[in-house]
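The values are calculated or read from the model by the stated rules, or taken from the named source; none is laboratory data. Treat the numbers as computed from the prediction; the structure is a model and nothing was measured. Please note: Cβ atoms are built from the backbone with ideal geometry, for glycine as well, and neighbour counts cover all protein chains shown. When the accessible area is computed, the model is the full protein with side chains, heavy atoms only, and any ligands, DNA or RNA have been set aside. Shrake-Rupley method; radii C 1.70, N 1.55, O 1.52, S 1.80 Å.
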Amino acid sequence: MSSNVLIMESCDWRYKETMSNRNVPRPISYAQKRTSAAGRGGGRPTQERWSSREQQPEWRARKEEESGKKADPESPGSPRGTCQSMCPNRELQERESQNLLHRFETLAGTEKRAGERCRRPRADPKRTVKEYSRPAAGKDSTRPSDLRPPAVLLRTVCYLIDDIATMPGQTSWNEVYDFVFDRLRSVRQDMIIQRTAGPDSRAVLERTVRLLAYTSFRLCGEPLRLYDPRINDTHLQESLSWLLRCYDTEPGPHGNREEFQALSLLYNLGSSRVLQHTLELPERLRSSPAVALALSINRAFSERNPVRLLRLAQRLSFLQSCALHRHMAAVRRDLLLLYSHGLSSRNCRFPLPRLAKLLALDVAHAGQLCRAHQLEVHQDDQVVFSKTCFGEPEPGGLRCTAQHDVVDGKRGDLARLGRIIHEGSANKEIA
């Protein structure tokens, strides 16, 4: 009996000790103190801190640029640019002093020559263009004197197209693209910060989309160190989406809307989202020649009918062919695979000239494509299809530039390319 009493008293003592220890404050580590201080945010609630952050113009501009969205141009707090030149004077002097001028921006006769180390090129105010700079903490990117209004932005884009991109005698188009792409990105940044709208803004976006669509064709197949197709695709898609939203929200008339609705469908061939947006357009737009042809090509692509798709593609204009070009390798591959299964026989011979016509290629490039897919091509220009021999090309074994001749034939000279980028060519179909 006494032992049971002792046990009960011991348990009661331990219970009281445990309950009393709960009132003693626990020691707080240094990491918990930092986390607690960061969570308090200097005495302000979390919602208040985020609200104050969203009021900063630099933060809003950076988030809108990353998402590709454009806010209401009439929203309060939108700055209005006052810079009337292609490059603000402050940036021009800063880049000249730091020797950060591109060779397209230097004053004639002041370029650094071979063997000269201390010579610093001078900036040409008529050729220097504001470069893109990432938003950073403490950097005011909304200063009106550093922002160009829409009319100046349009003039800047026209200069980049006429005097840089389509100027005859350019040695390396990769260098041209790097310069033009960076300056177009700066133009788009100014538009986002100012929340521009209206005819000038649409004209800037239209020329940007045309030039980037041409670039996706011109530099297709280039090494990744010289040209990144994903970055070009990202900016092309964002500019195109922005432009189509302008068509939807801003009052018309929009004379080039049919052209860019067709370009959007051809560039995003097989996309259900883009197809749904196209089908929701008014009947007048859907029945226009450019959009109707793009819908027919998209249907042939969805039905896996490469023969019909390639036949319809010959009616496209130059820019439309550039937008469709990134899908052509897969389409031609599907055609060869289809014929390899349907005409698989040792005794069957298919004329190479007829196959080249179906592939929309010349005979030499058609034979090269067949050999890349392990198909036998005889010396008398006869192709032997075999589903067991058909294979995929080796990496680097098939150059995309070898199939550019068909599209280049619709372009003409560089002077005509400049007119196409400025005016478009949606209504100039080539039969």
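List, in order, the whole-Hz ³J(HN,Hα) value for each residue of region 78-83 obtained from phi through the Karplus relation with A = 6.51, B = -1.76, C = 1.60 and θ = phi - 60°; use x for Gly and Pro.
6, x, 10, x, 10, 6
May I ask you to derive the relative contact order of region 311-401, considering only C-alpha pairs under 8 Å and at least 6 residues apart, and to give it as an integer percent?
29 percent
Any idea which of Ile297, Leu310, Thr234 is furthest toward the positive side of the dipole for region 219-329, if Lys and Arg beta-carbons carry +1 and Asp and Glu beta-carbons -1?
Farthest towards the positive end: Leu310.
Mind giving me the nanometre distance, one decimal, between the label points for Gln374 and Ser97, set 7 Å out from Cα along Cα→Cβ?
6.5 nm
Compute the Cα gyration tensor for region 305-365, then decide on rounded, prolate or oblate, letting a ≥ b ≥ c be the square roots of its eigenvalues: rounded whenever a/c is under 1.5, prolate when a/b is larger than b/c in the other cases, and oblate in all that remain.
Taking the square roots of the gyration eigenvalues as a ≥ b ≥ c, region 305-365 is prolate.
Efficiency by 1/(1 + (r/R0)^6): what FRET value for Ser386 and Gln84, r their Cβ-Cβ distance, R0 = 41 Å, to the nearest 0.05?
Efficiency at R0 = 41 Å is approximately 0.05.
Just reorder Trp173, Trp242 by solvent-accessible area, largest first, 1.4 Å probe, all chains present.
Trp173, Trp242
How long is the gain from Asp182 to Ser271 if the chain were fully straight, where each residue apart is worth 0.36 nm and the alpha carbon distance is subtracted?
Residue separation times 0.36 nm, minus the Cα-Cα distance, leaves 29.2 nm.
Using a 1.4 Å probe and counting only protein heavy atoms, arrange Lys387, Lys139 so the residue with the most accessible area comes first.
The most accessible residue leads, giving Lys387, Lys139.
Just read off the accessible area of Arg122 with the full protein assembly in place, 1.4 Å probe, to the nearest 10 Å².
140 Å²
Between Glu283 and Arg155, what is the label-point separation in nm under the 7 Å Cα-to-beta-carbon projection?
Going from the Arg155 label point to the Glu283 one covers 4.6 nm.
Taking 35 Å as R0, compute the FRET efficiency from the Cβ-Cβ separation of Arg315 and Tyr132 and round it to 0.05.
Here the calculated transfer efficiency is 0.40.
Taking the full set of protein chains and a 1.4 angstrom probe, give the accessible area of Val187 in square angstrom, rounded to the nearest 10.
Roughly 0 Å² of Val187 is accessible to a 1.4 Å probe.
How do Arg188, Arg207, Arg134 rank by accessible surface area computed with a 1.4 Å probe, from largest to smallest?
Arg134, Arg207, Arg188
Which value in nm describes the separation of the simple spin-label points at Cys348 and Glu394, placed 7 Å from the Cα toward the beta carbon?
Label-label distance for Cys348 and Glu394, simple model: 2.8 nm.
In whole Å, how far is the Cα centre of region 333-364 from that of region 258-324?
That distance is 25 Å.
Classify region 244-332 as rounded, prolate or oblate from the Cα gyration tensor: take a ≥ b ≥ c as the square roots of its eigenvalues, call it rounded if a/c is under 1.5, otherwise prolate when a/b beats b/c and oblate if not.
In terms of gyration-tensor shape, prolate.
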